[in-house]
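Taken together, the values in this text are just the output of simple stated rules run on the coordinates, not laboratory data. Source: prediction; values computed, not measured. FYI the Cβ positions are ideal-geometry reconstructions off the backbone, even for glycines, and counts take in every protein chain you see.
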Amino acid sequence: MRIVVLTKPVPDPASGAERLGPDGRLDRAASPAVVNGNDEYVLEKALKLVAEAGEGEVILLSMAPASAPETMRKALAMGATRGILVTDPALEGSCTVATTRVLAAALKTLEFDLAFAGVDTSDGVAGVVPAGVAALAGLPYLSYAATIDPDMAARTVRVNRITATGFDVLQAPMPALISGTQALGEPRYPSLKGIMAARSKEISTIKMADLGIDPASVGTAGATTRVVDSHKPPPRAATRVIREPADEAARQVVAFLAERRLI
Amino acid sequence: MAAGIWVHGEVAGDGSLAKLSTEVATLARALAEASGEPVTGVVIGADPAGAAATLADYVPRVLAVAEPETAEHAAGTIVAQRLAALIAEHQPRMVMTGAGPEGRDLAGALSALTGWGVLANATAVRWDDGGPVATHNVFGGKLVTESALTGDHGIVTLRPNAVTAEAAPSKGKLETVAPAGSLDQPAVPIVERLEASGAAASIDDARIIVAGGRGVGGPDGFTLVQELADALGGAVGATRAAVDSGWIPYSQQIGQTGKIVKPALYLALGISGAIQHKVGMQTAESIVAVNRDADAPIADFADVFVVGDLFEVGRALLEQLRARSG
Amino acid sequence: MATVTAATREPGPYRLTEEHEMLRDAVRVLADERVAPRAAEIDRTAEFPQDLRKLLADHDILALPFPTEHGGLGGELLPVALAIEQLSRACATTGLILAVQELGSLPILLAGSSEQQKRWFPSLASGERLIAFALTEAEAGSDVAAARTTANADGDDYVIHGSKRFISHGSIADLITVFAVTDPDAPRHRRLSAFVVEVPTAGFAVTRLEHKMGIRGSPTAELAFDGVRVPQANRLGAEGDGFEIAMRTLDRSRPGIAAQAVGIAQGALEVATAYARERRQFGQRIGELQMVGAMLADMDAATEGARQLLYKACVEIDAGSPEANRWSAMCKLVAGDAAMRVTTDAVQVLGGYGYIDEFPVERMMRDAKITQLYEGTQQIQRLVIARSLLGKDG
């Protein structure tokens, strides 16, 4: 069983240090990078599936700056087999269209049974890349997965897709691309063995030239969108902290609600 | 002539128009006014008539396309292909859709098929300098950015509850259009539909939401949450932790994989305020939180933060609210 | 004036690598969630936490000091120090479990044959077996060479007579690295040899368990060897190598104690800081009062200074520095004194509350003291450093 997991290094949301650079694009040097949260959930699922199958590999695929191997190590420490990095200075500042094109092209060079992606990333929160990659790669697309059940013998996969009222059960032949959600299950914390083993796992690089993509069509040069402004949101008034006993605290809350005409 | 703002009308499970689409349509109309561009709605589904008729309350012209494949297949890619073909024929300059799961799937596939850029997850859109300028909340709400298209065409996805839906002064015209183009992408069949249990008050447009998290401790704890919601005339919400533990149905989940809400009041009980939940409720007008942990992240963005036991404080609050209303 | 140019040789990383940070964070999570809640109880009952020993084993933490070919995670000093530091932040006794496992194993690592390593390391790395380091005697503390326990050759065996004092984990270990005199007539530093004794065995007894000021959950034992037989195959290195093995062991194990000290200091600093943020007197948070703020600042600087020296020492020792003994002694000296100072000041910041067991700082202060005593007192560390400065024959 071979599962490719699309992962993206994003600024660590817990660090609070994310910011934009002068060009309006994410300043990747400003804060430590971590694996995108949703990607960890689909990675965890991939690792579980391969473990259950008793054989196979989980391959990480990422379009990222050259410094990304450090971030990929954490995903390798969780147990992924190896990583593939598509990196090229020309890719800097890429929009979702370019990202989709590059990832689809990279995916086409690989053989796999399933490809997973997180539904969106914590930096851009666009949530459009997985569907686009599936379309460009001609893969069946199953999105917003709460569960993923492959049948290797029949070479099909079944997914419970989250809907407003419950779930739609989707089924497709392999290979297929699945975007997954947190409902798949808490990602494991890398074990010490996993952390130490990660350093010797292979991360290979693909250059854009290998994919036959014109550098002018990607990166800032080829971007289909651009940031025109950025500012801090209007500050919320300072939090009123109440440490009184329950009755007094409730009294103060009621006063606040009345003040804001909510009751 | 490349002109026109198109609004994709999402067809809900029961054949009606998704509420989000009425919000997108309202915004599209405002942009049409500002730009002078004509606005057209497009509904593509197995039985589009009902949804198309509703959309016609919001925009002057709606194209209804009957596409039987969407009845039993995942819709996003199918709709995207039909839409791409219509776009090739009619040449609008932009397409707007909701930023919920359906809209994102559509926007992603459509962007790949057309090469059009996406202004994604917008909380507002204005018309400026000949094109749309979208506002986004990034970095978990720490920063607001505005972005524009670099070319003439693009796709815009709009966050739920960012715009208040408002019907147009007069009803629009419905046109039935045959599906164009071909379906070359693999179609994914829906083999079964599972309904989530429980029929609770919808949180989508609730003015007041009382939500419970891990601190509530179990399904019994949610009785207090419901009682407070009743006393305040609101709906019950929950974090992923509470839903995963089976204490409350998924339909009430707020957050990254649940719903994004923008109520006038969000009362959070036993909720830490971690980012995955925060993104679902941080734009609520008033946020009151009760948590035993003084260092819970929610303390940073709540208007009022009570350090205490949620049951003690909750019961006291319930008592006082009931006393007030007589 | 000559221009100073930028680095003329390859700059090394002066930050923890991503791997080190992941490791540190993995242990930190464990320490916060599973160890910290047990710390007060361990101190109060003075019971060795077998549950936490198992936790460390299950999470491969006890595998850190061992070579990978024997089921370990490599044995680099910095990862071990990072783990001990994070554990000790929560509970000094628990941090010591890893430190002692490393200490007892180092003689085998440094002087054992590959057959011996293969024989013992796998079960030590898995945490299935514990090992202790028995060097100290009632009459041979700082003066290691004055040891009186003897090991007399008898056929294919040695027979050990004597006793050891203040042996950490002595009562719970399955293996004991024992240093005994094999040649009383040899020059002072060639009298001792090192053996691994597998217990229980005939003639071996735990004769005493100490009641201590701190690290109360860690059993400190007096061991009696009354005609304990140990096969030649259990001797480490050649006869007479014992003293050198012990010294080289301490060069590598002292950073572990420094890590424990840094962890204790950090834990105390965090409690004191949190308290200073919350506690209000004279209409403000006490942290804003200058005398308190100054204390906290000094505590932070002392802890950080000790930490950075520790990390540097680990890297230098692993790199084979010819000054390993200087690095090792220095990091332990600085960290031990920092821990004592920081914990004492932490009690001071908490005032009366610091003196009662409702807050953990009084325990941390009691725990800190040992880091100035074992694996060589601070005075011994100073001897080592002075000798290194002045030249060995100075």
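The figures follow:
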quantity: Chain C: angle of helix C:92-111 to the longest principal axis, Cα-based, in degrees nearest 10; calculated: 40 degrees
quantity: Convex hull volume per residue for the range B:5-177, taking Cα atoms only, in Å³; calculated: 106 Å³
quantity: Overall dimensions of the range C:18-130 as given by Cα atoms, namely Rg and Dmax in Å; calculated: 13.8, 42
quantity: Per residue convex hull volume, Cα atoms of chain B, in Å³; calculated: 145 Å³
quantity: Residue range of chain C that is longest and free of trypsin sites (Lys or Arg not before Pro) which are both DSSP loop and sparsely packed (at most 13 other C-beta within 10 Å); calculated: C:16-391
quantity: Convex hull per residue volume in Å³, alpha carbons only, for the range B:208-324; calculated: 85 Å³
quantity: Percent of beta bridges antiparallel (DSSP, chain B, rounded to nearest 5); calculated: 20 percent
quantity: Two-decimal Rg to Rh for the range A:66-126 - Kirkwood Rh, Cα set; calculated: 0.94
quantity: About the Cα centre, charge dipole magnitude for the range C:121-257 (Lys/Arg +1, Asp/Glu -1 at Cβ), debye; calculated: 520 debye
quantity: Förster radius 30 Å - calculated FRET efficiency between C:Gln50 and C:Glu270 (Cβ-Cβ, nearest 0.05); calculated: 0.65
quantity: Rg/Rh (Cα only; Kirkwood hydrodynamic radius) as it applies to the range C:132-240; calculated: 0.97
quantity: About the Cα centre, charge dipole magnitude for the protein assembly as shown (Lys/Arg +1, Asp/Glu -1 at Cβ), debye; calculated: 1320 debye
quantity: Computed [θ] at 222 nm, helices only, for chain A once each DSSP H run of length n ≥ 4 contributes -39500 (n - 2.57); calculated: -8500 deg cm²/dmol
quantity: Candidates per trypsin sites (Lys or Arg not before Pro) in the range A:159-263, loop by DSSP, up to 10 other Cβ within 10 Å; calculated: A:Arg261
quantity: Among C:Asp251, C:Asp337, C:Asp185: highest mean-square fluctuation, GNM of chain C, C-alpha pairs under 10 Å; calculated: C:Asp185
quantity: Restricting the range A:16-69 to GluC sites (Glu not before Pro) in coil, as DSSP defines it, with at most 10 other Cβ within 10 Å; calculated: A:Glu55
quantity: Given charges at Cβ of Lys, Arg, Asp, Glu: the protein assembly as shown dipole, positive-most of A:Ser122, C:Gly263, B:Leu267; calculated: C:Gly263
quantity: Most fluctuating residue given options B:Ile254, B:Ile209, B:Ile87, as computed from a GNM of chain B linking Cα atoms under 10 Å; calculated: B:Ile87
quantity: Rg/Rg_ref, the range A:2-217, where Rg_ref = 2.2 N^0.38 Å and atoms are Cα; calculated: 0.97
quantity: DSSP loop chymotrypsin sites (Phe, Trp or Tyr not before Pro) with at most 16 other Cβ within 10 Å excluded, longest remaining stretch of chain C; calculated: C:15-281
quantity: Peptide B:129-138, shielding by other chains (average Cβ, 10 Å cutoff); calculated: 2
quantity: For the range A:154-208, size of Cβ-based charge dipole, Lys and Arg +1, Asp and Glu -1, in debye; calculated: 260 debye
quantity: Pairwise label distance in nanometres, C:Arg387 with A:Ala154, each label 7 Å out on the Cα-Cβ vector; calculated: 7.5 nm
quantity: Lysine pairs within chain B, Cα separation less than 26 Å, 8 or more sequence positions apart or different chains; calculated: 10
quantity: Tilt relative to chain B, helix B:75-90 - C-alpha long axis, 0 to 90 degrees, to 10; calculated: 40 degrees
quantity: Angle in degrees between helix B:19-35 and the longest Cα principal axis of chain B, rounded to the nearest 10; calculated: 60 degrees
quantity: Estimated [θ] at 222 nm from DSSP helical runs (n ≥ 4, -39500 (n - 2.57)) normalised by residues in chain B, nearest 500; calculated: -9000 deg cm²/dmol
quantity: Two-site label geometry, C:Thr377 and B:Ala124: point separation in nm, points 7 Å out along Cα→Cβ; calculated: 7.2 nm
quantity: Compactness relative to 2.2 N^0.38 Å, alpha carbon Rg of the protein assembly as shown; calculated: 1.10
